[in-house]
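**Student:** Dropping a structure here in structure tokens format, bear with me for questions.
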Amino acid sequence: MTRKVLTLAEVRDGALRNVSFEAIAAAKTIAEGGEVVSVLVGVSVRSLAAELIHYGADRVLVVEHEKLAHYTPDGYTQALQAVIEQEKPEGIVFGHTALGKDLSPKLAAKLQSGLVSDIVALEEAGGNIVFTRPIYSGKAFEKKIVTDGLIFVTVRPNNIAPLQKDESRTGEVTDVAVDIKDLRTIVKEVVRKTAEGVDLSEAKVIVAGGRGVKSAEGFEPLKELAKVLGGAVGASRGACDAGYCDYSLQIGQTGKVVTPDLYIACGISGAIQHLAGMSNSKVIVAINKDPEANIFKVADYGIVGDLFEVVPLLVEEFKKLKVHS
Amino acid sequence: MNIFVLMKRTFDTEEKIVIQNGKVSEEGAEFIINPYDEYAIEEAIQVRDKHGGEVTVVTVGNEDAEKELRTALAMGADKAVLINIEDDVEDGDQYTTAKVLAEYLKDKEADLILAGNVAIDGGSGQVGPRVAELLGIPYVTTITKLEIDGTNVKVVRDVEGDEEIIETSLPLLVTAQQGLNEPRYPSLPGIMKAKKKPLEELELDDLDLDEDDVEAKTKTIEIFLPPKKEAGKILQGDIADQVKELVSLLHTEAKVI
Ligand SMILES: Cc1cc2nc3c(=O)[nH]c(=O)nc-3n(C[C@H](O)[C@H](O)[C@H](O)COP(=O)(O)OP(=O)(O)OC[C@H]3O[C@@H](n4cnc5c(N)ncnc54)[C@H](O)[C@@H]3O)c2cc1C
Ligand SMILES: Cc1cc2nc3c(=O)[nH]c(=O)nc-3n(C[C@H](O)[C@H](O)[C@H](O)COP(=O)(O)OP(=O)(O)OC[C@H]3O[C@@H](n4cnc5c(N)ncnc54)[C@H](O)[C@@H]3O)c2cc1C
């Protein structure tokens, strides 16, 4: 059965987040040959439409309005409702990001629809689209199907591979006019804490520090290692609570959920709430002076030792490797 | 102020997951109040102590949840409600749960509803916003600060580490993020008092709902554990050699560098 599937593109600092392309890839599977239509919402976002088409969208709809400059549940719901009324999709895909998590349940309730949140994989099997998602903080997984109505899902960033970019693809880009009114929540101010550079949820390599890093300065060698590897720096709650780094770096159940190719945990004990945010990483390295630390249970490679000795040595070795290759 | 808290009973965070007959086995497992709902209960109590009113904690579940409801009462909530739909609904999903909660809340004239931002078992984070939408009230998720002045509300929202300062008004639903407060432990007098506080039990019939009205839209067809990871390689020897070996393994064996 072919379906028409909508995806919501997400823009940050004027660029599309990768999860927008991953959503298109998921939508292609759900569409089973049907049309994939991406939706761009905001102010001055039209110029990003072509890239969505290069990544597999068949068409792009642009909803621009000054009241959509900041995300609000009411504003975005009105924007998407206008699109949904016009397109009557059989599937919808969002990213499982702060925005997607906040908006998707409201829209699902409005549409009287089910919603499968935080999927990490999907496949066609036995006439159904089967979705896989983590449960119990990643200690187990469930496979879900939609039994009634719209197929509405959110995809966890960095888990579903985007389609090959094809700059020769073309498609229609059209505006959808909306009247945005009665916003009941107003964003007065956004305090940006997120560090410049690589978006943690999209990073291929993450060097994360915990309470074992001991101070803000203690993060310097980790930053250096991340730089050599072209990765990003993350942290445990322990490090954030101790004031060694900002909460925007926090990984885990409360913080960001990440799935990099390589995760290097330095001075992190491996509490379940931390594992919930990183245990799906492809390769995990643990550096901890306590051989009994829980983090070694999920690590592929472990070094029992003082991170202040190990991390600078790693920097040197990776530098050498870079020169050689 | 008329305050409600949506509370879910969940597996203890540290509990090991065992799958039996295709379901997560509850045998011998410890249960707790979903940790994010503890923040919601604490905040509700603080708001009540400051602005007056009453805190009612509501859960959809079975009679086992009475224990967690009593804990919430012992923390300081005034009333508890258990909506027991076990006999009426076999497989529910978030659509089911939200519909039941909204049906219960619709004529309660709630000023403020608090929920957790996510349940640590089901993990969808859907129920709060769904309930708000069904009730026709605004919501703010993952909040770390709540200030109420008359009907005006100022909220700090955690957005992947950035902060949004949001203005809105009552009636409102908010979902709690870690950092909102430090939940109190129930005190001994609190536990004694809790025994006498009202705990109401309702069924689907009491809510004017049929099974058909709340029938799930999604279905779990399989639950499985992640493939068992082979024990990791703990490197041995001189630290400098370990580091060399690690870099080489990441390069040639794991091929991630
Ligand atoms: C509701 C809730 C949500 C939570 N959410 C999160 C979350 O999202 N993310 C998160 O991370 N936590 C979260 N936590 C907190 C979590 O339970 C742990 O407290 C936290 O992860 C511990 O951080 P840590 O590993 O840095 O610190 P610790 O547990 O103190 O571990 C420090 C580690 O560093 C090692 N060490 C010390 N010195 C050195 C050295 N010189 N060299 C090498 N190793 C060294 C020690 O052996 C130890 O293992 C949450 C908790 C709750 C209740
Ligand atoms: C009759 C019935 C049968 C069910 N059968 C199954 C099953 O077979 N398999 C299965 O996996 N799940 C089953 N569930 C559970 C259901 O699918 C979800 O777990 C539930 O709807 C909550 O979703 P969540 O865990 O994603 O919570 P989230 O949406 O992540 O929860 C967020 C917040 O919403 C509130 N909340 C969530 N759930 C409740 C609740 N029950 N009561 C009060 N407040 C709540 C809390 O404040 C919580 O912090 C059943 C539920 C019911 C009612």
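The values are calculated or read from the model by the stated rules, or taken from the named source; none is laboratory data. Since the model is a prediction, treat every value here as computed from it, not as a measurement. Ideal geometry is used to build each Cβ from the backbone, glycine not excepted, and the neighbour counts take in all protein chains shown. Just so you know, the surface numbers come from the protein's heavy atoms only, side chains and all, with ligands and any DNA or RNA stripped out. Shrake-Rupley method; radii C 1.70, N 1.55, O 1.52, S 1.80 Å.
**Student:** For the condition open to solvent by 40 Å² or more (accessible area, probe 1.4 Å), among the small types (G, A, S) and either closer than 21 Å to B:T141 by Cβ or more than 16 Å from ligand 1 (Cβ to nearest atom) (or both), what is the one hit in B:G92, B:G116?
**Tutor:** Working: B:G116 fails: open to solvent by 40 Å² or more (accessible area, probe 1.4 Å).
Just a single option satisfies the conditions, and that option is B:G92.
**Student:** Within the stretch B:139-156, work out how many residues are surrounded by fewer than 24 Cβ atoms within 10 Å (Cβ to Cβ) and either within 16 Å of ligand 1 (Cβ to nearest atom) or not acidic (D, E) (or both). Lay out the reasoning, then the answer.
**Tutor:** So the first thing to find is which residues in the stretch B:139-156 are surrounded by fewer than 24 Cβ atoms within 10 Å (Cβ to Cβ), and the list is B:144-156.
Among the residues that remain, those that are also either within 16 Å of ligand 1 (Cβ to nearest atom) or not acidic (D, E) (or both) are: B:144-146, B:148, B:150-156.
Summing the residues that are surrounded by fewer than 24 Cβ atoms within 10 Å (Cβ to Cβ) and either within 16 Å of ligand 1 (Cβ to nearest atom) or not acidic (D, E) (or both) in the stretch B:139-156 gives 11.
**Student:** Let me ask something else. Say we look at the stretch A:200-213 and pick out the residues that are within 14 Å of another protein chain (Cβ to nearest Cβ) and surrounded by fewer than 21 Cβ atoms within 10 Å (Cβ to Cβ); which of these is nearest to ligand 1 (Cβ to nearest atom)?
**Tutor:** A:E202
**Student:** Regarding A:V173, is this residue within 30 Å of B:I137 (Cα to Cα) and open to solvent by less than 60 Å² (accessible area, probe 1.4 Å)?
**Tutor:** no
**Student:** Can you give me the ranges of the strands (runs of 3 or more DSSP E) entirely in the stretch A:201-283 with at least 2 residues that are more than 23 Å from A:S137 (Cβ to Cβ) and more than 16 Å from ligand 2 (Cβ to nearest atom)?
**Tutor:** Output list is empty.
**Student:** When residues of the stretch B:13-37 are filtered for being more than 18 Å from B:G125 (Cα to Cα), within 11 Å of chain A (Cβ to nearest Cβ) and within 16 Å of ligand 1 (Cβ to nearest atom), how many remain?
**Tutor:** Residues flagged as more than 18 Å from B:G125 (Cα to Cα), within 11 Å of chain A (Cβ to nearest Cβ) and within 16 Å of ligand 1 (Cβ to nearest atom) within the stretch B:13-37 amount to 2.
**Student:** Still on this structure, I have one more. Considering only residues that are more than 22 Å from B:T144 (Cα to Cα) and near ligand 2 (Cβ under 10 Å from one of its atoms), which ones fall in the stretch B:23-40?
**Tutor:** B:K23, B:V24
**Student:** What's the number of the condition A:R133 fails, among (1) more than 8 Å from chain B (Cβ to nearest Cβ); (2) free of Cβ contacts under 8 Å to residues at least 60 places away in the same chain?
**Tutor:** So A:R133 meets the others, but not (1).
**Student:** Moving on to the next point. Please enumerate the residues belonging to the stretch A:214-246 that are farther than 30 Å from A:A161 by Cβ, touching a Cys at 6+ places or on another chain (Cβ under 8 Å) and near ligand 1 (Cβ under 8 Å from one of its atoms).
**Tutor:** A:A239
**Student:** Turning to a different aspect of this structure: Looking at the stretch A:14-34, can you tell me whether even one residue there is buried (at least 24 other Cβ atoms within 10 Å of the Cβ), in the same structural domain as A:F131 (by the TED database) and under 26 Å from B:E167 (Cα atoms)?
**Tutor:** no
**Student:** Here's something else I'd like to know. Looking at the stretch B:51-67 only, could you name the residues that are in contact with a strand residue (DSSP E or B) (Cβ under 8 Å, 6 or more places away or on another chain) and either away from ligand 2 (no atom under 15 Å from the Cβ) or of a type in the set (K, R) (or both)?
**Tutor:** B:H51, B:G53, B:E54, B:K67
**Student:** Moving on to the next point. Being within 13 Å of another protein chain (Cβ to nearest Cβ) and more than 7 Å from ligand 2 (Cβ to nearest atom) is true for just one of B:L135, B:L82. Which residue is that?
**Tutor:** Of B:L135, B:L82, the one residue that is within 13 Å of another protein chain (Cβ to nearest Cβ) and more than 7 Å from ligand 2 (Cβ to nearest atom) is B:L135.
**Student:** Please tell me if A:V153 is in contact (Cβ under 8 Å) with a residue 40 or more places away in the chain, of a type in the set (A, V, I, L, M), within 18 Å of A:I30 (Cα to Cα) and crowded, with 19+ Cβ neighbours inside 10 Å.
**Tutor:** Spelling it out, A:V153 is indeed in contact (Cβ under 8 Å) with a residue 40 or more places away in the chain, of a type in the set (A, V, I, L, M), within 18 Å of A:I30 (Cα to Cα) and crowded, with 19+ Cβ neighbours inside 10 Å.
**Student:** Next question. Take A:A216 and tell me if it is open to solvent by less than 50 Å² (accessible area, probe 1.4 Å), modelled with pLDDT of 95 or more and more than 29 Å from B:T13 (Cα to Cα). Can you show your working first?
**Tutor:** Working: open to solvent by less than 50 Å² (accessible area, probe 1.4 Å): yes; modelled with pLDDT of 95 or more: yes; more than 29 Å from B:T13 (Cα to Cα): yes.
Yes.
**Student:** Do the conditions hold for B:E15, that is, is it at pLDDT below 95, open to solvent by 10 Å² or more (accessible area, probe 1.4 Å) and either within 13 Å of ligand 2 (Cβ to nearest atom) or not assigned by the TED database to the domain that holds B:L172 (or both)? Spell out the reasoning first.
**Tutor:** Details: at pLDDT below 95: yes; open to solvent by 10 Å² or more (accessible area, probe 1.4 Å): yes; either within 13 Å of ligand 2 (Cβ to nearest atom) or not assigned by the TED database to the domain that holds B:L172 (or both): no.
Criteria not met by B:E15.
**Student:** With a cut-off of at least 2 residues that are in the same structural domain as B:I19 (by the TED database) and touching a Lys or Arg at 6+ places or on another chain (Cβ under 6 Å), name the strands (runs of 3 or more DSSP E) lying wholly within the stretch B:123-223. Outline the logic, then answer.
**Tutor:** On the way: elements: B:139-149, B:152-159, B:162-169, B:172-176, B:199-202.
Hits in the stretch B:123-223: B:139-149, B:162-169.
**Student:** How do the strands (runs of 3 or more DSSP E) wholly within the stretch A:1-118 filter down when requiring 2 or more residues that are of a type outside the set (V, I, T) and within 15 Å of the chain's Cα centre (by Cα): which remain?
**Tutor:** A:91-95
**Student:** Here is a follow-up. Please state which one of B:I239, B:I257, B:I234 is at pLDDT 95 or above, open to solvent by 30 Å² or more (accessible area, probe 1.4 Å) and β-branched (V, I, T).
**Tutor:** Testing whether each residue is at pLDDT 95 or above, open to solvent by 30 Å² or more (accessible area, probe 1.4 Å) and β-branched (V, I, T) leaves just B:I234.
**Student:** Among all residue pairs at least 6 apart or on different chains, which show Cβ distances below 7 Å where the first residue, located in the stretch A:48-72, is among the basic types (K, R) and open to solvent by 10 Å² or more (accessible area, probe 1.4 Å) and the second is part of a strand (DSSP E or B) and at pLDDT below 95?
**Tutor:** The qualifying pairs do not exist here.
**Student:** How many residues are away from ligand 1 (no atom under 13 Å from the Cβ) and away from every other protein chain (no Cβ under 11 Å) if we restrict to the stretch A:247-284?
**Tutor:** 1
**Student:** While we're here: A:E167 is checked against (1) within 14 Å of chain B (Cβ to nearest Cβ); (2) within 30 Å of A:V63 (Cβ to Cβ); (3) of a type in the set (D, E, K, R) and fails just one. What number does that condition carry?
**Tutor:** (1)
**Student:** Select from the stretch A:288-303 the residues that are within 9 Å of another protein chain (Cβ to nearest Cβ) and open to solvent by less than 50 Å² (accessible area, probe 1.4 Å) and list them in ascending order.
**Tutor:** Within the stretch A:288-303, A:F296, A:V298, A:A299, A:D300, A:Y301, A:G302, A:I303 meet the criteria.
**Student:** Let me ask something else. A:N128 fails exactly one of the following numbered conditions: (1) without any contact (Cβ under 8 Å) to a residue 40 or more places away in the chain; (2) crowded, with 17+ Cβ neighbours inside 10 Å; (3) more than 19 Å from the chain's Cα centre (by Cα). What is the number of that condition?
**Tutor:** (2)
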